[in-house]
């Protein structure tokens, strides 16, 4: 009996050591245990700059509001007055997708607040206004975005607007990992992308308007997130990029073209659990259910995608939002 107990304890210890070792050394993780529904994925060890998990990471695809990280970097690089008031006008309205906004015509805010709302709440009119109020206007701003991308080594990336509403804003998961790493070097981007909620007072109307972060995971104490950005247009699907500390290691997570409302969040949770334990199966805890309802937490369904073509979407009805 004693011998049997020792054998059981030895087996448990071996499993625990193997799990701990895998968490400390990503090279020992079994990628086949991580099943993700996002079409394009890259999980990168930010310290070593080495990939931990790769799935179609070099496929060019629309990136929606992930664009706004580049919008923020170009704005900050220009060292424009952050307290200068800039206003929304008709040129900032979304005539392409018909997305909604809580910033009405004439809404004036300091550039700092426009930047915060563009990053935290993915406010399209705020991002558009930042581009318009750049020296030389939006054409000069987009040129600066593409120049910045080139300087960062993002060789498969192209920008055509400051919001991401255009499907012509394209990149790859590999390129976006470079963008996230660069964005993490800006203190304001780190602060604004991880702010849970924020209210602003519209100077010319006196109205106070509240906004919240489009990534629910920034509210979860179990996550240590340094940079976060979501994105969605019909052509891009649901997207999410983050830099987070997992198992004492800074990791960049890029999830592109996810189907369903909760897929990008559940995929992110799967990645975190896989890095921590070696198991990529989504654990249905009460805590996880706050972000991914049980009915939506099933294993990701299979999907097909023809190389060079975008998958058909079922979101024709209703207005698209660049989040």
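Brief remarks on what is shown
- The one condition in (1) touching a strand residue (DSSP E or B) at 6+ places or on another chain (Cβ under 7 Å); (2) within 30 Å of residue 147 (Cα to Cα); (3) at pLDDT 95 or above; (4) buried (at least 24 other Cβ atoms within 10 Å of the Cβ) that residue 179 fails to fulfil: (1)
- Evaluation of residue 97 against (1) farther than 21 Å from residue 195 by Cβ; (2) within 21 Å of the chain's Cα centre (by Cα); (3) modelled with pLDDT of 95 or more (one fails), failing number: (3)
- Residue 82 being over 18 Å from residue 231 (Cα atoms), modelled with pLDDT of 95 or more and part of a loop (DSSP other than H, G, I, E, B): yes
- Checked against (1) modelled with pLDDT of 50 or more; (2) outside any helix (DSSP H, G or I); (3) surrounded by fewer than 20 Cβ atoms within 10 Å (Cβ to Cβ); (4) touching a strand residue (DSSP E or B) at 6+ places or on another chain (Cβ under 8 Å), residue 253 passes all but a single condition, namely (3).
Results for (1) surrounded by 23 or more Cβ atoms within 10 Å (Cβ to Cβ); (2) closer than 21 Å to residue 100 by Cα; (3) in contact (Cβ under 8 Å) with a residue 60 or more places away in the chain; (4) more than 18 Å from the chain's Cα centre (by Cα), shown as yes or no for each residue.
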residue	(1), (2), (3), (4)
146	no, no, no, yes
153	no, no, no, yes
169	yes, yes, yes, no
188	no, no, yes, no
195	no, no, yes, no
198	no, yes, yes, yes
202	no, yes, yes, yes
210	no, yes, no, yes
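- Residue match in region 241-248 (condition: part of a strand (DSSP E or B), at pLDDT 95 or above and surrounded by fewer than 17 Cβ atoms within 10 Å (Cβ to Cβ)): yes
- Residue match in region 290-312 (condition: at pLDDT below 55, within 26 Å of residue 118 (Cβ to Cβ), out of contact with any helix residue (DSSP H, G or I) (no Cβ under 7 Å at 6 or more places or on another chain) and part of a loop (DSSP other than H, G, I, E, B)): yes
Per-residue answers, yes or no, for (1) surrounded by fewer than 16 Cβ atoms within 10 Å (Cβ to Cβ); (2) in contact with a helix residue (DSSP H, G or I) (Cβ under 6 Å, 6 or more places away or on another chain):
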position	(1), (2)
44	no, yes
56	no, no
60	yes, no
67	no, no
72	no, yes
76	no, no
96	yes, no
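- Selection from region 98-142 of residues that are surrounded by 15 or more Cβ atoms within 10 Å (Cβ to Cβ) and assigned to a loop (DSSP other than H, G, I, E, B): 99, 101, 102, 103, 107, 121, 122, 123, 133, 134
The values are calculated or read from the model by the stated rules, or taken from the named source; none is laboratory data. Please read all numbers here as calculations on a predicted model, not as lab measurements. Note that each Cβ is placed from the backbone with ideal geometry, even for glycine, and that neighbours are counted across all protein chains shown.
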